[in-house]
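Rule-based calculations on the coordinates, nothing more; no lab input. No experiment lies behind these values; they were computed from the predicted model shown. Cβ: placed from backbone, ideal geometry, glycine included. Neighbour counts: every protein chain shown.
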Amino acid sequence: MQPDFVSRGRSVSDLKAHLILTTKYRKDVFTASMLTRLNEILEELLIRWECKLIEFNGEENHVHILFQYHPSVMLSKLVNNIKTVTSRRLRKEFAEQINAVYWKDVFWNGSYFIASCGGVTISTLKKYIENQKTPE
């Protein structure tokens, strides 16, 4: 499989992140139709941020989002925007289902987990760097 590099200006990158979002109080909110719609919203939203959704899945109380991004993207701002937009749109489109669980205008937990991920392991990279020929 060919690497999916992002080329812009004078840089070429291949940055990917794994984001996990949980519902407020880890309540079981999501249904299959809500997850399908959330996937569509995320694809649109990430395109606006010049990012790419690679994989998405979830359970009743949390979702996993794997996406590619450019180094200029501020991940904290992106995550905040993802949480704000998806909360607003899901609460509007699935009001009856969500209001049965939450009485206030909430959806996501205030915190999140995000980790960078790449094509090789840290040990492989470490060996590659160790084996570089240092000038004498």
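Distance between the C-alpha centres of region 86-111 and region 1-79: 19 Å, rounded to the whole angstrom. Compared with the alpha-carbon gap, the fully stretched path from GLU60 to LYS24 is longer by 11.8 nm at 0.36 nm per residue.
Can you sort MET34, MET74 from fewest to most other Cβ atoms within 10 Å of each residue's own Cβ?
On the way: MET34 18, MET74 11.
Ordered from fewest to most neighbouring Cβ atoms within 10 Å, MET34, MET74 come out as MET74, MET34.
If you take the Cα Rg of region 5-80 and divide it by 2.2 N^0.38 Å, with N the number of residues, what do you get? Walk me through the intermediate numbers first.
Values: Rg = 13.7 Å, N = 76, 2.2 N^0.38 = 11.4 Å.
Working it through for region 5-80, the quotient is 1.20.
Length gain on complete extension for the stretch GLU93 to SER7, per 0.36 nm per residue less the alpha carbon to alpha carbon distance? Display every interim value, and only then the final one.
Working: separation 86, 0.36 × 86 = 30.96 nm, distance 3.61 nm.
Taking 0.36 nm per residue and subtracting the Cα distance, the gain is 27.4 nm.
Only lysine pairs 8 or more places apart or on separate chains count here, and in the chain those with Cα atoms under 20 Å apart total 16. So if we plug the beta-carbon distance of HIS70 and THR124 into 1/(1 + (r/R0)^6) with R0 = 30 Å, what FRET efficiency do we get, rounded to 0.05? Efficiency, rounded to the nearest 0.05: 0.80. Look at TYR112, TYR69, TYR128 and count the other Cβ atoms within 10 Å of each Cβ; fewest to most, that gives TYR128, TYR112, TYR69.
Counting other Cβ atoms within 10 Å as a rough exposure proxy, the listed residues CYS117, CYS51 run CYS117, CYS51 from fewest neighbours to most.
The phi torsions of region 119-131, fed into the Karplus equation with coefficients 6.51, -1.76 and 1.60 and a -60° offset, translate into couplings of x, 10, 7, 4, 5, 5, 4, 4, 4, 4, 5, 4, 8 Hz, rounded to whole numbers, with Gly and Pro shown as x.
Remark: relative contact order (region 14-130) = 42 percent; criterion is Cα-Cα distance under 8 angstrom and separation of 6 or more residues. Just to be sure I follow the definition: excluding the sites themselves, where is the longest run in the chain that has none of the trypsin sites (Lys or Arg not before Pro) in a DSSP loop with at most 14 other Cβ atoms within 10 Å? With a cap of 14 other Cβ atoms within 10 Å, the longest stretch comes to 11-103. Since only SER76, PHE5, PHE56 are under comparison, the one whose Cα sits farthest along the positive direction of the charge dipole of the chain, derived from C-beta charges on Lys, Arg, Asp and Glu, is SER76. [x] 70, 30, 27; [y] 48, 35, 27; [z] 43, 28, 23: which one is Cα extents along the principal axes in Å as calculated from this entry? Label of the calculated value: [x]. Each of GLN132 and ASN80 was given a label point 7 Å from its Cα along the Cα-to-Cβ line. The distance between the two points is 3.5 nm.
By the helix-only formula, in which each DSSP H run with n ≥ 4 contributes -39500 (n - 2.57) and the sum is divided by residues, the chain has a 222 nm mean residue ellipticity of -11500 deg cm²/dmol. Put a plus charge on the Cβ of each Lys and Arg, a minus charge on the Cβ of each Asp and Glu, and nothing anywhere else: the dipole of the chain about its Cα centre is then about 420 debye.
Note on region 67-132: Cα-only Rg and Dmax are 18.9, 60 Å.
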